[in-house]
Amino acid sequence: MKRLAGKVSVITGSGLGMGKAMALLFAEEGSAVVVADINQQAVEQVVSEITAKGQRAIGVVANVAIQEDIDKMISAAIKEFGSLDVLVNNAGIIDDFKTVGELEDELWDRIIAVNLAGPFKASRAAIRIMEKQKSGGVIVNNASVGGLFGARGGAAYVTSKHGLIGLTRNIAATYGLYGNIRANVIAPGGVETSIQNTIKAPSELGMKALNDTGFAPLGKPEQLAYVALFLASDESSFINGEVITADGGWTAR
Ligand SMILES: NC(=O)c1ccc[n+]([C@@H]2O[C@H](COP(=O)([O-])OP(=O)(O)OC[C@H]3O[C@@H](n4cnc5c(N)ncnc54)[C@H](O)[C@@H]3O)[C@@H](O)[C@H]2O)c1
């Protein structure tokens, strides 16, 4: 039996990186997948890779910072596949490790809009559907070890990811404990994806703080996709409100 047989999953930021690996793995494991991303070309590529194998996926070009796009992406799951069982809030952006004194409002606002307000709005839209479903639903958030410690990103990134962990725990403590919607969050360490290419002018102080955290092993997107698969599947049915760190041991010392 496939691990997500008959499920319908929406995965944000699934055009590239960890989100793409999750989309491919979830489809392989029997889920219909809504591939949602701002990058249209990447969306089309992932959908064609999945459908070429006879598995189910549709693409939605969606920016998680825009409410209408979130509505479009969530309603696509219902329209196309008839339910919404799993939401993965994976889309996220980084902030050049800018410290508070160096951080302009524009960057702060953008990071919070994508990394924190986006998952809140997508979770709200999903929960309003999932709470009416007998089978409930599952939310998996992709935070970061930057959601647990201070020097694994800039001030905006670290704040957004700490917030995402708080959001996860609130959903778990309400809809999970008193309902049928579980929420858990992954805290990846360094993972080999294209996000590194978006570092433009890193802060000297931010990088010094990061480098002082010592050697960080680099994981592969597929290794994180397996964590998301476990949290999305019924195998984790008694896990609710938990942070799963997957960093190869970076934060173990
Ligand atoms: N790579 C790492 O080292 C690392 C470590 C810890 C946590 N993370 C987190 O993992 C998640 C995925 O990161 P990744 O490394 O796979 O990045 P990536 O840049 O390879 O992929 C991110 C995808 O999200 C999309 N995206 C960006 N902004 C979006 C928006 N507003 N709406 C919809 N889609 C959007 C991009 O187009 C891209 O396809 C992020 O939340 C990131 O913060 C990454």
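Only the coordinates and a few stated rules stand behind these numbers; no lab work does. Source: prediction; values computed, not measured. No Cβ is skipped: glycine too gets one built from the backbone with ideal geometry, and neighbour counts run over all protein chains shown.
Output yes when any residue across the range 211-221 is of a type in the set (Ser, Thr, Tyr), in a loop (DSSP other than H, G, I, E, B) and within 21 Å of the chain's Cα centre (by Cα), and no when none is. Looking for residues that are of a type in the set (Ser, Thr, Tyr), in a loop (DSSP other than H, G, I, E, B) and within 21 Å of the chain's Cα centre (by Cα), one finds none in the range 211-221, hence no. Scanning the range 62-71 for residues that are of a type in the set (S, T, N, Q) and more than 9 Å from the ligand (Cβ to nearest atom) turns up just one, GLN67.
Residues that are within 19 Å of the chain's Cα centre (by Cα), surrounded by fewer than 21 Cβ atoms within 10 Å (Cβ to Cβ) and among the β-branched types (Val, Ile, Thr) within the range 36-59 comprise ILE38, ILE58, listed in sequence order. For the range 23-45, residues that are within 9 Å of the ligand (Cβ to nearest atom) and either touching a helix residue (DSSP H, G or I) at 6+ places or on another chain (Cβ under 6 Å) or not in a helix (DSSP H, G or I) (or both) total 4. Scanning the range 72-95 for residues that are away from the ligand (no atom under 13 Å from the Cβ) and in a loop (DSSP other than H, G, I, E, B) turns up GLY82, SER83, LEU84, ASP85. Residue pairs whose Cβ atoms lie under 7 Å apart, separated by 6 or more positions or on different chains, with the first residue in the range 191-206 and within 15 Å of GLU222 (Cα to Cα) and the second more than 7 Å from the ligand (Cβ to nearest atom) and part of a helix (DSSP H, G or I), are VAL191/LEU224. Taken over the range 161-214, the criterion of being within 29 Å of GLY15 (Cα to Cα) and acidic (Asp, Glu) is satisfied by GLU192 alone.
The single residue among ALA23, ALA32 that is of a type outside the set (Val, Ile, Thr) and in contact with a Phe, Trp or Tyr (Cβ under 7 Å, 6 or more places away or on another chain) turns out to be ALA32. Those residues that are touching a residue at least 60 places away in the same chain (Cβ under 8 Å) and more than 25 Å from VAL35 (Cβ to Cβ), I need them from the range 75-102; list them, please. Matches in the range 75-102: ASP95, ASP96, PHE97, LYS98, THR99, GLU102. For the range 103-144, a residue qualifies if it is assigned to a helix (DSSP H, G or I) and farther than 23 Å from ILE38 by Cα, and the qualifying residues are ARG128, ILE129, MET130.
Within the option set GLU80, GLU29, being within 20 Å of VAL140 (Cβ to Cβ) and surrounded by fewer than 23 Cβ atoms within 10 Å (Cβ to Cβ) holds for one residue only, GLU29. If you go through the range 108-124 one residue at a time, do you hit one that is surrounded by fewer than 17 Cβ atoms within 10 Å (Cβ to Cβ) and closer than 24 Å to GLU204 by Cα? Within the range 108-124, one or more residues are surrounded by fewer than 17 Cβ atoms within 10 Å (Cβ to Cβ) and closer than 24 Å to GLU204 by Cα. Checking each residue in the range 171-217 for being over 12 Å from GLY153 (Cβ atoms), away from the ligand (no atom under 16 Å from the Cβ) and of a type outside the set (A, V, I, L, M) picks out THR174, TYR175, GLY176, TYR178, GLY179, ASN180, ARG182, GLU204, LYS208, ASP212. Would you mind stating whether GLY206 is among the small types (Gly, Ala, Ser) and part of a helix (DSSP H, G or I)? In short, yes.
Restricting the first member to the range 105-130 and to residues that are free of Cβ contacts under 8 Å to residues at least 24 places away in the same chain, and the second to residues that are assigned to a helix (DSSP H, G or I) and buried (at least 20 other Cβ atoms within 10 Å of the Cβ), the beta-carbon pairs closer than 9 Å and six or more apart or on different chains are ASP109/ALA156; ARG124/ILE70; ARG128/ILE74. Against the conditions (1) surrounded by fewer than 17 Cβ atoms within 10 Å (Cβ to Cβ); (2) within 21 Å of PHE120 (Cβ to Cβ), LYS2 satisfies every one except (2).
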